[in-house]
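Inspection log for the structure reproduced underneath, given as structure tokens.
A short reminder: the numbers here are calculations on the coordinates, not readings from a lab. Note that the structure is a prediction, hence the values are computed from the model and not measured. With ideal geometry, Cβ positions are generated from the backbone for all residues, glycine too; neighbour counts draw on all protein chains shown.
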Amino acid sequence: MLLPLLILLIAWMQELIDQFIFRGQWNLAMIPGGSFYGVLTAPFSHSGFAHLLANSLTFLPLSWLVLLRGRRDYLAVWLGVYGCAIPVWLFWPNGSHGLSGVVYGLLGYLLVIGWLEKKPLSLALSVFALICYGGILPSLLPIFSAPGVSWIGHFSGFIGGLLAATFVAKNNS
């Protein structure tokens, strides 16, 4: 259960260094045509403390909910999110960064794992996630996303979570 806290520690340290040493100019975003390194670092880079705090407040509980099922499931979500970020990096014209792609991946995973497995704990997690976090689903579409927010990062992360759930459910049956 410490893993999400360690991940957040990295993100918060990056933001502290960015804000206090580089005055907000040290972003590790995923940039079109940029280095693949940006795909790996983008979740840990934010546009300020408000952005990071907003992501942190959903990242932690969703991470812990997925970790109730196991570290393998958590890793599957991260791999799904990273895998779905690659086409965005290659083909999307705008940069993207922040933990929100992972947040949507975790949510996507939680929403469908119960329906795929049809086990009591999995179903309970799916229903709980839908009740508590279903309100953020509209921001998967560009018409409901604020200007400057990378809805495609949210959408690709969500698809990564769905793929992770499909993989996990298939390998658990």
Between residue 90 and residue 35, what length in nm is gained on full extension when 0.36 nm per residue of separation is reduced by their alpha carbon distance? 18.8 nm
With the crude spin-label approximation of a point 7 Å out along Cα→Cβ, what separation in nm comes out for residue 47 versus residue 119? 4.0 nm
Semi-axis lengths (Å, descending) of the ellipsoid that matches the C-alpha gyration tensor of the range 6-86: 23, 17, 9
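So if a site counts as exposed when it's one of the trypsin sites (Lys or Arg not before Pro), its DSSP state isn't H, G, I, E or B, and it has at most 12 other Cβ atoms within 10 Å, what's the longest stretch of the chain without one? Working shown, then result.
Working: sites that count: 23, 118.
That gives 24-117 as the longest site-free run.
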Phi to ³J(HN,Hα) by Karplus 6.51 cos²θ - 1.76 cosθ + 1.60 over the range 158-173, Hz, x for Gly, Pro: 4, 4, x, x, 5, 5, 4, 4, 4, 4, 4, 4, 5, 7, 9, 8
Once label points are set 7 Å from the Cα along Cα→Cβ at both residue 167 and residue 20, what is their separation, rounded to one decimal in nm? 3.7 nm
Please work out how much length the chain gains when fully extended from residue 60 to residue 137, using 0.36 nm per residue of separation minus the C-alpha to C-alpha distance, in nm with one decimal. 26.0 nm
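Compute and list, largest first, the equivalent-ellipsoid semi-axes of the chain from the alpha carbon gyration tensor, each √(5λ) rounded to a whole angstrom. Please report the intermediate quantities before stating the final value.
Details: eigenvalues 142, 57, 44 Å².
Semi-axis lengths for the chain are 27, 17, 15 Å.
In what sequence, highest mean first, do 90-101, 50-61 appear when ranked by Cβ atoms within 10 angstrom? The partial results should precede the final answer.
Working: 90-101: 19.3, 50-61: 16.6.
Ranked by mean Cβ neighbours within 10 Å, highest first: 90-101, 50-61.
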